[in-house]
Amino acid sequence: MNKEIKYSISKLVNAPKSIVWSVILSPDTYKEIWAAEFSGSWEKGRAFSFSGEWDGVPYQDKCSVIDRHDEKLLVYTYWSSFWNVPQREAESCIIKYEINELDEHSSELTITQTGFRDDTHYAETVTLWEDTIDFMKRVADKLYLESDS
């Protein structure tokens, strides 16, 4: 795992941070965008996993929450069975979700990954994070619009 490589993407979300936070923590988000089942806890120091099938291959991603500040920050380690390496800290990357409230109606969501296996992993992950942040924005925008009616 090359932990010198980092990727970050940000989006303006037309929703307050509480709604963005609820989208980040919702198992339905990951079921919809990644076809993944969430199991475990988002609490600091706790483990969780995503499992499912990707391109016909079953997988299990194992994670552990490093830091959490409600409606502001979630940081966790991430290891995937796709990588065919032992599950240990040196083989895990770090995923970070940050929410910056701009005003009572909008926020900026930033997703950052630190650590990549290789150039192929980087390219695939960039596409995954672009799709993920677009999905999270759409869901949060819609939830806020519906709550305002």
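What follows is calculated from the coordinates using simple rules that are stated; it is not laboratory data. Just so you know, these numbers come straight off a predicted model, no measurement behind them. Cβ placement follows ideal geometry from the backbone for every residue including glycine, while neighbour counts extend to all protein chains displayed.
Consider the range 1-15 and keep the residues that are of a type in the set (A, V, I, L, M) and surrounded by 15 or more Cβ atoms within 10 Å (Cβ to Cβ). The one that is nearest to residue 85 (Cα to Cα) is 1. From the list 80, 39, 51, the one residue that fits, being among the hydroxyl-bearing types (Ser, Thr, Tyr) and exposed (fewer than 14 other Cβ atoms within 10 Å of the Cβ), is 39. For the range 18-36, the criterion of being assigned to a strand (DSSP E or B) and of a type outside the set (D, E, K, R) is met by at least one residue. Applying the selection to the range 1-17, what residues are in contact with a helix residue (DSSP H, G or I) (Cβ under 7 Å, 6 or more places away or on another chain), closer than 21 Å to residue 99 by Cβ, part of a strand (DSSP E or B) and not basic (Lys, Arg)? Those that are in contact with a helix residue (DSSP H, G or I) (Cβ under 7 Å, 6 or more places away or on another chain), closer than 21 Å to residue 99 by Cβ, part of a strand (DSSP E or B) and not basic (Lys, Arg): 7, 9, 13. Residues being assigned to a loop (DSSP other than H, G, I, E, B), closer than 23 Å to residue 63 by Cα, under 16 Å from the mean Cα position of the chain (by Cα) and not aromatic (Phe, Trp, Tyr) are represented in the range 84-99 by at least one member.
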